[in-house]
Each structure stands twice: as C-alpha cells, then as structure tokens.
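Please read the structure below before turning to the comments.
The values are calculated or read from the model by the stated rules, or taken from the named source; none is laboratory data. Because the structure is predicted, anything quoted here is derived from the model rather than measured. Note that each Cβ is placed from the backbone with ideal geometry, even for glycine, and that neighbours are counted across all protein chains shown.
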Amino acid sequence: MQRSLSSLQHDLVPITINVGEDFKSIVWKAQYDMDFNTECLFCFSERITGYRVEDEAGHTGKVAVCPHCEKVNAIYA
C-alpha cells in the first residue's frame, strides 16, 4: 500500500511513504506527535506511535509507527 502526503508548502510536491516500510527517523527528521491505542499490523504489539516527519526538501507528513518492529503502520492527517 502506498499513499502520498501533500506538502504544506506552496509547491505541493508530495512525500511518498509506504505502509510496511522501515521507519527512517533520522532521514525523515521525525518528531513525536501522539500515541495510538491500536495494535501493530505487523508484529501485533498493542501500541503504535505517531510522528510528524519531514524530508530533506522540507516536505512534511504524519506516520504511525510501531515502536517494537519499527514499521510504518499508517499515514494520517
């Protein structure tokens, strides 16, 4: 599954992140956003964590990541 995240900038170039992709906290400049009380799609851990992410070009989005297996579980607004 693949979804584009619209940039908040005026150029509207999307950042593309795949569900199931390994979390790249340093590359994506991740910043904690919130916790979700739902289980992971991949390892069935009981909790996933939301992060605001930004790539090198400044395109932003939000992803929900499992803290145990470090896979992207969802893209959210």
Residue count for region 50-62, restricted to those that are modelled with pLDDT of 95 or more and hydrophobic (A, V, I, L, M, F, W, C): 0
Return the pairs, sorted by first residue and then second, in which the second residue is among the hydrophobic types (A, V, I, L, M, F, W, C) and in a loop (DSSP other than H, G, I, E, B), the first residue lies in region 25-38 and is touching a residue at least 12 places away in the same chain (Cβ under 8 Å), the beta carbons are less than 8 Å apart, and the residues are 6+ apart or on different chains. Ala30/Phe23
For residues in region 1-39 being in contact with a Ser or Thr (Cβ under 7 Å, 6 or more places away or on another chain), modelled with pLDDT under 95 and of a type outside the set (A, V, I, L, M, F, W, C), which is surrounded by the fewest Cβ atoms within 10 Å (Cβ to Cβ)? Gln2
Which of (1) at pLDDT 95 or above; (2) touching a Ser or Thr at 6+ places or on another chain (Cβ under 9 Å) is the odd one out, the single condition Phe42 does not satisfy? (2)
For region 40-64, which residues satisfy the criterion of being surrounded by fewer than 19 Cβ atoms within 10 Å (Cβ to Cβ), touching a Pro at 6+ places or on another chain (Cβ under 8 Å) and touching a residue at least 24 places away in the same chain (Cβ under 8 Å)? Ser45
Restricting attention to region 31-77, and to residues there that are in a strand (DSSP E or B) and small (Gly, Ala, Ser), which single residue is farthest from Asn18 (Cα to Cα)? Gly50
